[in-house]
1. Quick one: which residue in 98, 81, 139 is out of contact with any helix residue (DSSP H, G or I) (no Cβ under 7 Å at 6 or more places or on another chain) and at pLDDT 95 or above?
2. Every residue in the stretch 149-168 that is closer than 18 Å to residue 83 by Cβ and loosely packed, with under 14 Cβ neighbours inside 10 Å, please.
3. Of everything in the stretch 47-105, what is more than 28 Å from residue 30 (Cβ to Cβ) and not in a helix (DSSP H, G or I)? Give them in sequence order.
4. Here is a check on your reading of the model: is residue 110 over 16 Å from residue 185 (Cβ atoms) and in contact with a helix residue (DSSP H, G or I) (Cβ under 7 Å, 6 or more places away or on another chain)?
5. Within the stretch 20-39, count every residue that is assigned to a helix (DSSP H, G or I) and surrounded by fewer than 17 Cβ atoms within 10 Å (Cβ to Cβ).
């Protein structure tokens, strides 16, 4: 990994967490329920339309940073020899991000519907938001199992983060809790990775060229003529 990715990967995880927390702080809680009348649901979305739309856009940007963070860890896992776990982790993360995008898109649609007075759309949105939380389950399960496997077998991440990842996987049973655990896990992992990046010498990164890697794989310390 180059010098830029060495820092940007962990920072992207922190930016994701910051965007999610900011989004939650702006949008607050939606008190409307599927059992409420369409007029009640519409009124709530209408009163909070601007905040809901702003929060949804922030979440979308945060998910973009999450994808960079997932790519960073996938590369790190594969470099340490965790083939299937690295791919499973990244695939689970993409599924998780996709579910998040869908739910955020519906939230954005609800805000627009409240702003424009479309009661039927607002009612449909609240029905969907209340009954689709298990869309997070496959992603949480895959990410948690893969991250735990990498931590326990290759020690790419500290063991305590592996234990934390087990909680992420168990959170798939109750996704409204599992998502929160995942966000905290991302923050903790990002901080660990930033500390490692700060402590690691830059020379190790700059000298890891494809040419050197080829000869090191063949059992030589450096290409002929460079000893």
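The values are calculated or read from the model by the stated rules, or taken from the named source; none is laboratory data. Worth saying up front: this structure is predicted, and the values here are computed from it rather than measured. Cβ atoms come from the backbone with ideal geometry, glycine included; neighbour counts cover every protein chain shown.
1. Residue meeting the stated conditions: 98.
2. Passing the criteria: 153, 155.
3. 80, 81, 82
4. Answer is yes for this residue.
5. Residues in the stretch 20-39 being assigned to a helix (DSSP H, G or I) and surrounded by fewer than 17 Cβ atoms within 10 Å (Cβ to Cβ): 6 in total.
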